[in-house]
Every structure is written in structure tokens, then in C-alpha cells.
Amino acid sequence: TRRDFMKHAGIAALPLVAGNAFAQTAEFNMKFGSNLPATHPLNIHAYKMASKIKVETKGRVDIQVFPYNQLGNDTDMLSQLRSGALDFMTLSPLILGSLVPQAQINGVGFAFKDYKQVWAAMDGELGAYVRRQIANTGTIFAFDKIWDNGYREVTNSVRPINKPDDLKGIKLRTPPGPMWVSLFKALGAAPTPLNFAEVYSALQSKVVDGQENPLAIIYTAKLYEVQKYCSMTNHMWDGYWFMGNKKLFEQLPPDLQVIVTRNVAESAVLQRADVRKMNDGLQSELKAKGMAVNDTNPDPFREKLRQAGFYSEWKAKFGDEAWSLLEKYVGKLA
Ligand code: X2X
């Protein structure tokens, strides 16, 4: 392989500086893919991280960033990651749910009251539990600090959502993950799972009426161009596991693995701060783009989920170990 050739040729010994004309001679050329626009903080920090890693590894590791589904949609990228055609990707734990069911646990409706609970759980035992399940696939793994997506809000082109009844008959795009379909069925909507790559055009052509995502995505993916109402439901917190292909990562010498691992964690902290700032501050920008934004009371939504048996169903699916780890951080749910 090219990597072996470079190693044997001793080319790694050349002093390489990030961004110079010899950049293509990096010993380890790696690829990172994501579903988000280049302007979203997740990718802004992925680019910055790639530069830092290149400098710190003296040019030996060159991670190329492919934003906005350039390498395919999430389903495609996940198979590439598993087969070794892709080194790294970020993915919602809930989309990973079709492969690692336990990973979906952060998506339980209205589970996390605030970010304090989110990071305590995800940087604590709940996150560690999920990462063990991901590692059990044998082919892929998740780095320690999950990156942020945010609390998810509902947008649509029909009416503002103030209470669960307003969702009745709304054709709502959800990401492809069992938890989302279950949650929005329980709330009375008509969920339609689609990859994020198809969301803008599905909304534009009115194949679906609405979708749900944090404000930073609604803004950077310009969903305000094709949606009128934005209802602040905060129905779940979602993140992005920064994941790698195990075999490819283990081809890096241990000292380079350490540099990459440390940078993923450090970048997560910076990325979380920027995502939070955007999600907290974008309401006025979205209004300026013509959206009608409304707050909601979570109680009737939570009550509707309870009545529909949502919590007891998922408690049974996750099992006692996972469910009590979640409740350890967020309190009793079911
Ligand atoms: O697909 C989505 O809606 C997104 C971008 O939020 C995820 O990656 C889960």
C-alpha cells in the first residue's frame, strides 16, 4: 500500500510543515466525513482540528474534511466507516441505533433537563456504557467526548406547534433512527425517516411538511428558506459521536494515535461552546429570515408520551442497566 511504501522509503523522516507544497506526501492521509454544512461549528472545528493534528504530527497525519454529505449520506458514510473506506465520521447516536440499539438512549424524549445533566451523563457512565456498545461492533469505535448537536426543535410549513395536537397529520421528516419514529408516532405526527442529505429538497418540494433539528442546523442549512414555523419544543438532546474505523486507526503508531485522540477531545470542548452559543442566540436571526418562532410548554408533550406508553416501551427495550444509568443523571422517567 501507499502507506507501507512511504514508511519503507523513509519519507516520514522529511520535515513537513502544514500547508506546504509537500502536503500530499503525508504518511497517513485520512478522511473525515459529516452531514453538516462547512459553516456549522462541527465542521469549523473539524477543519481547525485537522490543521492542529497536521502541525503536531509534523505533517505525518493529514485529515481531509468532507462536509455536507460530499462522501454520501449518513447511511452511506456509516457503511464506508465500517468497511474501512472512511477513517472518521460524526454521527448521531440515534442514527447509529439501527446498528447499536443501546446508543439511542440519549434520545429519550425530554430526558435531559439541561446541559449540566447532558455532559454529566455523556462524559460520565452513560456515555462510557454507549461507547462500550459501539466498540463491541469490533469494526468501529467512538472517541471519548461526544460533540454537540443540541436540543431539537420542530419546524414546518403548516402551523405553529404549541401542543401535541398541533402535530396531528403533520408529515414530519425525522433522521433514520427507530427512536425518532417511535417518539413522533407517540406524539401523533406522521414521521417519515430520511437522511439529512435529502431534507432541504424534501421540504422544498413539500414531500414532507416539516422536520426537527437544533437552530444551528436550521440556520446553517438554510432550512428557513423552505419552512415558516419554528416551535421551540426541545424534545430531545442530540450529539455527534466522533467515530473511527478501528483497524485504520490502529495503523497509526501509538504516539500519533495519542495526538489524534487528545485533539478530538479538546476540539469537542470548543465545539460544544460554539454550538451552544448558536443554538441559544439564533432565534432573532431566524425571525429576521421570516420564520415565526414560538415557545412551548414541555408538560403536555411529556404527558402525551407517557400516555402513549413511550417511556415504558423504551425502558423495556433498553433494559434495566442502561435505563438506570440514564435515570441516575436525569431522575425518574418511567
Ligand atoms: O439528520 C439530522 O437531522 C441531523 C443533522 O440532526 C443528524 O445528523 C441527526
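Brief remarks on what is shown
- Normalised by the number of residues in segment 108-184, the average gap of Cα pairs under 8 Å and 6 or more apart makes the relative contact order 20 percent.
- Given R0 = 30 Å, the distance between the Cβ atoms of residue 207 and residue 137 translates into a calculated FRET efficiency of 0.40.
- The orientation-averaged projection of the convex hull spanning the C-alpha atoms of the chain amounts to 16.5 square nanometres.
- Normalised contact order of the chain, rounded percent, pairs of Cα under 8 Å and 6 or more residues apart: 23 percent
- Neighbours of residue 261 by Cβ distance under 14 Å: Lys/Arg scored +1, Asp/Glu scored -1, total -1.
- Candidates 111, 50, 120, ranked by Gaussian network fluctuation over the chain, Cα under 10 Å, top entry: 120
- Extended-chain gain in nm, criterion 0.36 nm per residue less alpha-carbon gap, residue 76 and residue 158: 26.4 nm
- Three-way shape call for segment 244-330 based on the alpha-carbon gyration tensor, with the a/c threshold at 1.5: oblate
- Rounded, prolate or oblate (a/c below 1.5 giving rounded, otherwise prolate when a/b exceeds b/c) for segment 59-209 by Cα gyration tensor: oblate
- The chain: antiparallel DSSP beta bridges as a percent of all, rounded to 5: 50 percent
- Rounded, prolate or oblate (a/c below 1.5 giving rounded, otherwise prolate when a/b exceeds b/c) for segment 181-255 by Cα gyration tensor: prolate
Laboratory data are not the source of any read-out in this text; all were calculated from the coordinates shown. Keep in mind the model is a prediction, meaning the values are calculated, not measured. Cβ atoms come from the backbone with ideal geometry, glycine included; neighbour counts cover every protein chain shown.
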